[in-house]
Amino acid sequence: MHKGYVGLMTFARRLARVDNIAQQDSAERAFNKLARTFASQVEALKRYRSKGEQKMIVEHVTVNEGGQAIVGNVTAKGGGGGKKSAG
């Protein structure tokens, strides 16, 4: 993926320093292909890294006097979203 990024930047520099229309067309086509390839690689990496279920297992909990704890399996929706109380 790094090589794709380096190639993309190489053709970006080449596109900025063209002498004629033929060079511009060639560099523009290569730059466009590399940019699309790099974007698809980033998307694939994102899908790879975020696949699967995230799970946390707590094995030991200490509850001090006056504290409360839930014992058992707890399932919550991700994102930390929830109703917040005013006040």
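Just so you know, all these numbers are worked out from the coordinates, no wet-lab data involved. Predicted model, so just to flag it, every value in this text is computed and none were measured. Here the Cβ is made from the backbone with ideal geometry for all residues, glycine too, and neighbour counts use every protein chain on show.
Brief remarks follow.
- Legend: Rg and Dmax of segment 2-50, from Cα coordinates, 12.9, 45 Å.
- Each stretch of four or more DSSP H residues adds -39500 (n - 2.57); spread over every residue of the chain, this sum gives -18000 deg cm²/dmol at 222 nm.
- Label-point separation, Lys3 to Ile21 (7 Å along Cα→Cβ), nm: 3.5 nm
- Here the extension length gained between Arg14 and Val61 equals 10.9 nm, from 0.36 nm per residue of separation less the Cα-Cα distance.
- Arg47 paired with Arg29, simple spin-label distance in nm, labels 7 Å along Cα-to-beta-carbon: 2.8 nm
- Computed packing ranks the peptides 14-21, 56-63 as 14-21, 56-63, most packed first, by mean other Cβ atoms within 10 Å.
- Dipole magnitude of the chain about its Cα centre (Cβ charges: Lys, Arg +1; Asp, Glu -1), debye to nearest 20: 300 debye
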